[in-house]
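In what follows, a structure is listed as structure tokens, so that the remarks can point back to it.
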Amino acid sequence: MRWEELFAELEGHWDALSASERAGEIAERTRAELARVQLMDRLRASLGREVLLTLANGQRVSGELRRVGADFVLIGGGRVELLAVVSSVVAVSGLADQSRTAEQAGPVATRLGIGSALRRIARDRLPVSVALVAGGEVHGTPRRVGADFVEIAEHPAGAMSRADEIVRVSALPFRAIAVVRREVEPDPAV
């Protein structure tokens, strides 16, 4: 064997070994990077997509993913908006393959929690249906929102929050809420 052939053979082995090591290192870095991705990162990257959520109470809700807060997602479809508490979500279908970190989303988007969203609904005195994690629903109008609960003036679905319609007032801990459903006015621009 000539020296040139020997060196060519050694270079070929070296290149193959280097390529194999690089592929292994890339695979390891990919696994390490994926291990840092959280569900909220995948949800933030999926804004505008149709998603299907399966909730702890067995309910399934679907629609366009419109907003991702600190602990909730807003899903819309037609004349209905759904505010799902992420801790009650057991499965999500329709996510984008990418992810978007909290830093990329911005400080305001990631700080707004379910309490902020419920305060807005309470301010507007909009009736809601609240599906509970333990099962069952509460119909009514949010009156007050605390640090970890919402107070609902319960009345029949479709009725307004008038004194003669209110059955009782219940405080619901946020951790007991699976999803809040409300009807919205159609957008006149559409």
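Here's the yes/no breakdown for (1) at pLDDT 75 or above; (2) charged (D, E, K, R); (3) more than 17 Å from the chain's Cα centre (by Cα):
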| residue | (1), (2), (3) |
| --- | --- |
| Phe7 | no, no, yes |
| Ala16 | no, no, yes |
| Glu21 | no, yes, yes |
| Glu25 | no, yes, yes |
| Arg31 | no, yes, yes |
| Val37 | yes, no, no |
| Ser46 | yes, no, no |
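The rows are residues; the columns are (1) modelled with pLDDT of 95 or more; (2) under 21 Å from Ser46 (Cβ atoms).
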position: Val86; (1), (2): yes, yes
position: Val90; (1), (2): yes, yes
position: Arg120; (1), (2): no, no
position: Glu137; (1), (2): yes, no
position: Val145; (1), (2): yes, no
position: Pro156; (1), (2): no, no
position: Val167; (1), (2): no, no
position: Pro188; (1), (2): no, no
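I'm told Ala134 meets every condition in (1) without any contact (Cβ under 8 Å) to a residue 40 or more places away in the chain; (2) loosely packed, with under 14 Cβ neighbours inside 10 Å; (3) among the aliphatic types (A, V, I, L, M) except one. Can you identify the failing condition by its number?
Single failed check for Ala134: (1).
Considering only residues that are over 22 Å from Val184 (Cβ atoms) and part of a loop (DSSP other than H, G, I, E, B), look in the range 142-166 and name the one that is farthest from the chain's Cα centre (by Cα).
For the range 142-166, the residue satisfying everything is Asp164.
The values are calculated or read from the model by the stated rules, or taken from the named source; none is laboratory data. Bear in mind that the values here come from a model prediction, so they are computed numbers and not experimental data. Ideal geometry is used to build each Cβ from the backbone, glycine not excepted, and the neighbour counts take in all protein chains shown.
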